[in-house]
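Participant: Following this message is one structure expressed as structure tokens.
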């Protein structure tokens, strides 16, 4: 309890395993809430414990089905405010609609801005999220946003890798900034793949720049859904003599097409986090937990402490 406010964590239906891990890290029970759906598909929320005057954190990734999970979160926020919670923080390990962050063609919306407006209108006081697809989304909110990065978790996992025979690759030109950060920390050369998108779920890898022959390649990206970009890049890299190709992705939102592409074996391993709850059996996927990182951010937010040190990478 901080300043008379008790810490309460609740979860919607998008990623309850992650919410339970966060609560285990903080050594508190997951809050009792009913989040269900009526037969006509309307969402319904009821908090089954007193949250008056509490510091409430609602854990909900807006992963598929994105609209349902977003609506659950909005209703949870509204219910918490009407139950007299002192502060409501929306914890979105994965922020859906983040790719719709600009008006890049005529007569289209900026949906990530709309989602930000909806969260504020519902009554959220703060937002805690991780690895946004575009940094400027933080500016879409008129409330404080704490934007965490999964990179410390990935760096901890990669610190025992031998960088001598590794090249960090971005699967497209737009990801060069992220690839450069990993290259700098790990001390590896950097490269990128030039691609052409031929459809919403199809990509053609056209050329590449960087050291490939006989090397272990690590592709880095923020998210994958159809795995089209990653598998096209991996296929081209192996054609050019790469010894092995792995990928590192913050948010793995794989659909059936993406799963089938992973089964084709172009990628030797896909390293990701548990920001999205999904079935990974029989797939070359290794998941790392971000629960301690999110849990520590929640603890420090509750105690009004700085979270800047969470961005520091240990052992590098």
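The values are calculated or read from the model by the stated rules, or taken from the named source; none is laboratory data. None of these values were measured; they are calculated from a predicted model. Every residue, glycine as well, gets a Cβ built from its backbone with ideal geometry; the counts of neighbours run over all protein chains shown.
Participant: Give just the number: which of (1) at positive phi; (2) modelled with pLDDT under 95 does residue 64 not satisfy?
Facilitator: Among (1) at positive phi; (2) modelled with pLDDT under 95, residue 64 violates only (1).
Participant: So, restricting to strands (runs of 3 or more DSSP E) that lie completely within segment 220-316, which ones have at least 3 residues that are surrounded by 23 or more Cβ atoms within 10 Å (Cβ to Cβ)?
Facilitator: On the way: elements: 244-252, 269-273, 285-288.
It comes to 244-252, 269-273.
Participant: In this structure, does residue 123 turn out to be in contact with a helix residue (DSSP H, G or I) (Cβ under 6 Å, 6 or more places away or on another chain) and within 21 Å of residue 148 (Cα to Cα)?
Facilitator: On the way: in contact with a helix residue (DSSP H, G or I) (Cβ under 6 Å, 6 or more places away or on another chain): yes; within 21 Å of residue 148 (Cα to Cα): no.
When the stated conditions are applied, residue 123 does not pass them.
Participant: Could you list, in sequence order, all residues of segment 47-67 that are touching a strand residue (DSSP E or B) at 6+ places or on another chain (Cβ under 7 Å), without any contact (Cβ under 8 Å) to a residue 40 or more places away in the chain and surrounded by 12 or more Cβ atoms within 10 Å (Cβ to Cβ)? Break it down into steps so the answer makes sense when it comes.
Facilitator: From segment 47-67, those touching a strand residue (DSSP E or B) at 6+ places or on another chain (Cβ under 7 Å) are 47-48, 51, 53-62; that's our starting set.
Now restrict to residues that are without any contact (Cβ under 8 Å) to a residue 40 or more places away in the chain: 47-48.
Once the filter is applied, which keeps residues that are touching a strand residue (DSSP E or B) at 6+ places or on another chain (Cβ under 7 Å), without any contact (Cβ under 8 Å) to a residue 40 or more places away in the chain and surrounded by 12 or more Cβ atoms within 10 Å (Cβ to Cβ), segment 47-67 yields only 47.
Participant: So for segment 203-214 (the condition being in the same structural domain as residue 162 (by TED's automatic domain parsing), closer than 24 Å to residue 96 by Cβ and under 21 Å from the mean Cα position of the chain (by Cα)), does at least one residue qualify?
Facilitator: Within segment 203-214, the subset in the same structural domain as residue 162 (by TED's automatic domain parsing) is 203-214.
This time we only want the ones that are closer than 24 Å to residue 96 by Cβ, so: 203.
From what's left, under 21 Å from the mean Cα position of the chain (by Cα): none.
Among the residues of segment 203-214, not one is in the same structural domain as residue 162 (by TED's automatic domain parsing), closer than 24 Å to residue 96 by Cβ and under 21 Å from the mean Cα position of the chain (by Cα), which makes the answer no.
Participant: Does residue 110 satisfy the criteria of being surrounded by 15 or more Cβ atoms within 10 Å (Cβ to Cβ) and outside the structural domain of residue 22 (by TED's automatic domain parsing)? Give the derivation first.
Facilitator: Numbers: surrounded by 15 or more Cβ atoms within 10 Å (Cβ to Cβ): yes; outside the structural domain of residue 22 (by TED's automatic domain parsing): no.
Taking the combined requirement at face value, the residue does not satisfy it.
Participant: Just checking, which of 45, 56 is under 19 Å from residue 299 (Cβ atoms) and in a strand (DSSP E or B)?
Facilitator: Only one candidate qualifies: 56.
Participant: Which residue, of 29, 17, is surrounded by fewer than 20 Cβ atoms within 10 Å (Cβ to Cβ), assigned by TED's automatic domain parsing to the domain that holds residue 297 and part of a loop (DSSP other than H, G, I, E, B)? Can you show your working first?
Facilitator: Values: 17 fails: part of a loop (DSSP other than H, G, I, E, B).
None of the others qualify; the one that does is 29.
Participant: Out of curiosity, is residue 144 free of Cβ contacts under 8 Å to residues at least 24 places away in the same chain and within 23 Å of residue 309 (Cβ to Cβ)? Lay out the reasoning, then the answer.
Facilitator: On the way: free of Cβ contacts under 8 Å to residues at least 24 places away in the same chain: yes; within 23 Å of residue 309 (Cβ to Cβ): yes.
Criteria met by residue 144.
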